1. For the structure I just gave you, tell me whether THR183 is out of contact with any Phe, Trp or Tyr (no Cβ under 6 Å at 6 or more places or on another chain) and surrounded by 15 or more Cβ atoms within 10 Å (Cβ to Cβ).
2. Within region 47-66, track down each residue that is open to solvent by 20 Å² or more (accessible area, probe 1.4 Å) and in contact with an Asp or Glu (Cβ under 8 Å, 6 or more places away or on another chain).
3. The conditions are (1) part of a helix (DSSP H, G or I); (2) basic (Lys, Arg); (3) over 15 Å from the mean Cα position of the chain (by Cα), and LYS57 fails exactly one of them. Which is it?
4. Go through VAL100, VAL87, VAL47 for me and flag whichever is farther than 16 Å from LEU27 by Cα and of a type in the set (Val, Ile, Thr).
5. If you go through region 82-135, how many residues are under 18 Å from SER210 (Cβ atoms) and of a type in the set (Val, Ile, Thr)?
6. I'm told THR40 meets every condition in (1) hydroxyl-bearing (Ser, Thr, Tyr); (2) at pLDDT 90 or above; (3) touching a Gly at 6+ places or on another chain (Cβ under 9 Å) except one. Can you identify the failing condition by its number?
7. Could you list, in sequence order, all residues of region 117-153 that are over 13 Å from ALA191 (Cα atoms), open to solvent by less than 80 Å² (accessible area, probe 1.4 Å), touching a helix residue (DSSP H, G or I) at 6+ places or on another chain (Cβ under 9 Å) and at pLDDT 90 or above?
8. Which one of ILE35, ILE85, ILE17, ILE4 is of a type in the set (A, V, I, L, M, F, W, C), surrounded by 11 or more Cβ atoms within 10 Å (Cβ to Cβ), farther than 30 Å from ALA167 by Cβ and at pLDDT below 90?
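The values are calculated or read from the model by the stated rules, or taken from the named source; none is laboratory data. None of the values given here were measured: they were computed from a predicted structure. Cβ placement follows ideal geometry from the backbone for every residue including glycine, while neighbour counts extend to all protein chains displayed. Side chains included, ligands, DNA and RNA excluded: accessible areas come from the protein's heavy atoms. Shrake-Rupley method; radii C 1.70, N 1.55, O 1.52, S 1.80 Å.
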Amino acid sequence: MKNIVVGALLLLLAVGIGISLFVMTNLNAIITEVIETQGTKVAETEVRVAGVDVSLKDGRGTLAGLTVANPSGFANDRAFGLGEITVDLDLGSVRKDPFVIEEIVVREPVVSAEFLESGALNLDRLRKSIQGYIPEKSDGSGENSEKKVRIRSFTFEEGRIEVDASALGLESRSLELPAIRLTEVGGDSGARSDEVAKVVMDALTTKALSAVARAEVEKQVEAEAEKQAQGLLEKVTR
């Protein structure tokens, strides 16, 4: 009986080591799969990442070439290009639930805001898809019982918005994307990856939409002021 117990313990230890090695050696592929699958599900448009290099040993990593495609009907290929992404992990939480990510920083993200001739805006359509997404409920077992994630800090910085209003007969222009800082994404108990994706993508889309809308208002005010100034100048010079 003692030998059986010892053998069982050794078997469990071997399985545990095997799982750990599998996760460590396949971590980049696992992260890529999660980002692309959950991102595409939430946005209802293709999400792709070109490269992932995350090390559990160092507790840090980088992601490159993460893009979110435009909804159908728009000419540009993508709505978001998220530039360089750096990740800082809490190694002490790797075997816990939730898994804690100390910080994610997205530098120089590029948002492509495209208007159609009808006045429809790609960012508005994306936001509606994201906000309308309903995360699947988990019963604590099976495929929906995935490990939860808690992100202490998520930042987008030094970004810009490329506005394409050529369909409306207007010139293209570039706007600054205000910095976005999210804290405690997932809360103390964490959240599933699709829930986290919804929060982050909604924040980015909403901030970009707000910046574009504000710029449009300012442009209209400026045009109206210029028109009034021109009218006043004509009256003075008559």
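1. No.
2. Scanning region 47-66 gives ARG48, ARG60, THR62, ALA64.
3. (1)
4. So the residue among VAL100, VAL87, VAL47 that is farther than 16 Å from LEU27 by Cα and of a type in the set (Val, Ile, Thr) is VAL47.
5. 4
6. It is condition (3) that THR40 fails.
7. LEU121, LEU123, ASP124, LEU126, ARG127, SER129, ILE130, TYR133
8. Every option except ILE35 fails the conditions.
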